[in-house]
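Structure record follows, encoded as structure tokens.
The values are calculated or read from the model by the stated rules, or taken from the named source; none is laboratory data. Everything numeric in this text was worked out from a predicted model, so none of it was measured. Cβ placement follows ideal geometry from the backbone for every residue including glycine, while neighbour counts extend to all protein chains displayed.
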2 protein chains.
Amino acid sequence: MESIKVFAPATVANLSCGFDVLGCCLDTVGDEMLIQKNDLKTVRITKITGQDLPLEADKNVAGVAVKAMLEHLNLEQGFDIEIHKKIKAGSGIGSSAASSAGAVFAVNELLGKPYSKNELIPFAMQGEFLASGNAHADNVAPALLGGFSLVKSYEPLEVISLPSPEALRVVVLHPLIEIKTKDSRAILKQTVNLKQAVQQWGNLGAFISGLYTEDYELLGRSLKDDIVEPVRSILIPFFEELDKLSAKHALGFGISGSGPSVFALCKGDENAAKVYEEFQEFYKTKEIEFDLHVSPVNPEGIKIL
Amino acid sequence: MESIKVFAPATVANLSCGFDVLGCCLDTVGDEMLIQKNDLKTVRITKITGQDLPLEADKNVAGVAVKAMLEHLNLEQGFDIEIHKKIKAGSGIGSSAASSAGAVFAVNELLGKPYSKNELIPFAMQGEFLASGNAHADNVAPALLGGFSLVKSYEPLEVISLPSPEALRVVVLHPLIEIKTKDSRAILKQTVNLKQAVQQWGNLGAFISGLYTEDYELLGRSLKDDIVEPVRSILIPFFEELDKLSAKHALGFGISGSGPSVFALCKGDENAAKVYEEFQEFYKTKEIEFDLHVSPVNPEGIKIL
């Protein structure tokens, strides 16, 4: 195989009680990438549409991720990468992760799969490090593996795939304001109250139990975050209003990634459509442009087109 | 029914990564309690064997728990409670919880089950409050429900029953020294590093996933605690040595409750027997008396005898 086209999905990370450890993969929002072998022994970003991002491979998350992988393979094969961005940079739904994960997935396919999907995660994390100064895995893991991913530990890196109850739908509202992941991390307190930490791990444990038992109500009751959300939500316009709006039809609500996108987790298409509509009606009266998405959880991750 | 005899099991709470939220129920260690209706409209502790504990109902955890329950029922029925303690007070394997939970379970049976097991938890917690100044649920919940219990939240109280993989065995070593739960709580730092909190919730999430998927190795890798264990283990003689000794045959090792007991989680009888033997050989060369137990996880909780 000389070339491959893939769909690289958006992801919701930092899922409330699962700050830094839990993410899930979306199905209706994502980039397209076309990757082909070249004879130049170099990795080139040949084209980017939809966003203004660096074409220089060492400054592009896809370039950096693929180079990390080729270095690990000790391989001099070159690749040309075309990226058609649909996910806006800085949206908080894993734009950089989609490019990093999509690129290493595609190159792995073209090379005959020397790595498992799980083994690709560390390479994709190199792209995340370039993008945010933090090689986090909770976007690239669900992008590669699909469904819900739990980052059990970083040293050593261990990612666990969790089940995705079928009726889950995610509504994402992206207010078109810029919050840099770096800044969003900087405002976090570096210590937390033990009591709050205990609450958080009780909720995360319950959320994971709910994924296995398909207990949608429990998933909703567990989507709480008293540690990060109170700090970061300040940066998101009308966060509280959206939270309240979502309460009637969604299971839970929170910040996607480090914002500014927010997500509502819903059961079934009907509830998701109502939340979508209410968000739309509310936000269009505000002075802020926004994108709105609705998606099932994508159980598969990156797809070959 | 006028009288009932129950087995009230020991429990391991604060299970490593599950500080304050996760406990499991033992099967081979526990008290026996005989409870019968009386005509006096008062709750009496008529006999205690095996331990020197208060016979006055208001100073006895079983008395307090039953009184809380009767008050909630607005019922003037009296009960006589006999407690035959096999679990030593202050051992860290839920001695007070066994008495509180056993008493409310038995009284509930005698009254024709006005409450579900889950609904009995808050009453039993009143006994825990008397014993330690903290109405925690991670001993009484698994004593009542069996298996592994997750305390999702305290306000409102919500406890989730988790599956128990069949081959799990628990080896408990109880060095006969006294650590009061109050003191053991007092030495805890009230703030934790965000990074460590994230590690802890990654491990707890993974442990819960491992219970559902019966992934014994994952359970072992997840039984870690960098927050509470480093502080409390100082109070436990030869903690590090036991930890190292257990590593060959156990899945994981940690402090039971607030100590001084420690537990090793093992897969299968053979590994448990080896850990038991190694603990015994090691500790009998020390100047500290000790009890040693080995038990499957008790999926049922309190049993009618």
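Does B:ALA264 meet the test of being modelled with pLDDT of 95 or more, closer than 18 Å to B:ARG169 by Cα and part of a strand (DSSP E or B)?
Working: modelled with pLDDT of 95 or more: yes; closer than 18 Å to B:ARG169 by Cα: yes; part of a strand (DSSP E or B): yes.
In short, yes.
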Among the residues of region B:126-138 satisfying the criterion of being more than 12 Å from chain A (Cβ to nearest Cβ) and more than 12 Å from B:GLY102 (Cα to Cα), which is surrounded by the fewest Cβ atoms within 10 Å (Cβ to Cβ)? B:GLY133
Provide a single number: the residues in region B:1-22 that are over 30 Å from B:VAL192 (Cα atoms) and small (Gly, Ala, Ser). 2
For residues that are in a strand (DSSP E or B) and within 14 Å of chain B (Cβ to nearest Cβ), scanning just region A:14-63, find the one that is nearest to A:GLU155 (Cα to Cα). A:LEU22
Would you call B:SER161 within 20 Å of B:VAL21 (Cβ to Cβ), modelled with pLDDT of 95 or more and hydroxyl-bearing (Ser, Thr, Tyr)? yes
Six or more apart or on different chains, Cβ under 8 Å: which pairs go from a residue in region B:277-305 that's without any contact (Cβ under 8 Å) to a residue 60 or more places away in the chain and over 30 Å from B:ALA103 (Cβ atoms) to one that's part of a helix (DSSP H, G or I) and of a type in the set (A, V, I, L, M, F, W, C)? Could you list them? B:GLU278/B:LEU245; B:PHE282/B:LEU242; B:PHE282/B:LEU245
Report whether or not A:ASP80 is part of a loop (DSSP other than H, G, I, E, B) and surrounded by fewer than 24 Cβ atoms within 10 Å (Cβ to Cβ). no
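Just the residues that are more than 11 Å from the chain's Cα centre (by Cα) and either crowded, with 21+ Cβ neighbours inside 10 Å or of a type in the set (Ser, Thr, Tyr) (or both), please, taken from region B:101-116.
Of everything in region B:101-116, those that are more than 11 Å from the chain's Cα centre (by Cα) and either crowded, with 21+ Cβ neighbours inside 10 Å or of a type in the set (Ser, Thr, Tyr) (or both) turn out to be B:GLY102, B:ALA103, B:VAL104, B:PHE105, B:ALA106, B:VAL107, B:ASN108, B:TYR115, B:SER116.
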What number of residues within region A:107-140 satisfy the criterion of being outside any loop (DSSP other than H, G, I, E, B) and among the charged types (D, E, K, R)? 4
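Have a look at B:ALA264, B:ALA273 and point out the one that is free of Cβ contacts under 8 Å to residues at least 60 places away in the same chain and away from chain A (no Cβ under 13 Å). I'd like the intermediate steps shown before the answer.
Values: B:ALA264 fails: free of Cβ contacts under 8 Å to residues at least 60 places away in the same chain.
Exactly one of B:ALA264, B:ALA273 is free of Cβ contacts under 8 Å to residues at least 60 places away in the same chain and away from chain A (no Cβ under 13 Å), namely B:ALA273.
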Of everything in region A:173-191 that's loosely packed, with under 14 Cβ neighbours inside 10 Å and within 14 Å of chain B (Cβ to nearest Cβ), which residue is farthest from A:ILE255 (Cα to Cα)? A:GLN190
Does region B:155-172 hold any residues that are hydrophobic (A, V, I, L, M, F, W, C) and either under 26 Å from B:LYS284 (Cβ atoms) or crowded, with 19+ Cβ neighbours inside 10 Å (or both), and which are they? B:VAL159, B:ILE160, B:LEU162, B:LEU168, B:VAL170, B:VAL171, B:VAL172
Every residue in region A:132-156 that is over 21 Å from B:LEU204 (Cβ atoms) and touching a residue at least 40 places away in the same chain (Cβ under 8 Å), please. A:SER132, A:GLY133, A:ASN134, A:ASN139, A:VAL140, A:ALA143, A:LEU144, A:GLY146
From B:LYS286, B:LYS274, residue being among the basic types (Lys, Arg) and assigned to a loop (DSSP other than H, G, I, E, B): B:LYS286
Quickly run through region B:172-206 and pick out the residues that are in a loop (DSSP other than H, G, I, E, B) and free of Cβ contacts under 8 Å to residues at least 12 places away in the same chain. B:GLN190
Screening B:SER233, B:SER209 for residues that are under 30 Å from A:PHE207 (Cβ atoms), free of Cβ contacts under 8 Å to residues at least 40 places away in the same chain and buried (at least 23 other Cβ atoms within 10 Å of the Cβ) leaves only B:SER209
When residues of region B:212-228 are limited to those that are part of a helix (DSSP H, G or I) and surrounded by fewer than 22 Cβ atoms within 10 Å (Cβ to Cβ), the one farthest from the other protein chains (Cβ to nearest Cβ): B:TYR216
Residue count, region B:146-172, condition touching an Asp or Glu at 6+ places or on another chain (Cβ under 9 Å), acidic (Asp, Glu) and at the interface with another protein chain (Cβ under 10 Å from one of its Cβ atoms), comes to 0
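The rows are residues; the columns are (1) in contact with a Phe, Trp or Tyr (Cβ under 6 Å, 6 or more places away or on another chain); (2) charged (D, E, K, R).
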| position | (1), (2) |
| --- | --- |
| A:GLU155 | no, yes |
| A:ARG169 | no, yes |
| A:SER222 | yes, no |
| A:PHE238 | no, no |
For A:ALA143, the lone unmet condition from (1) within 16 Å of the chain's Cα centre (by Cα); (2) within 14 Å of chain B (Cβ to nearest Cβ); (3) in a helix (DSSP H, G or I) is (2)
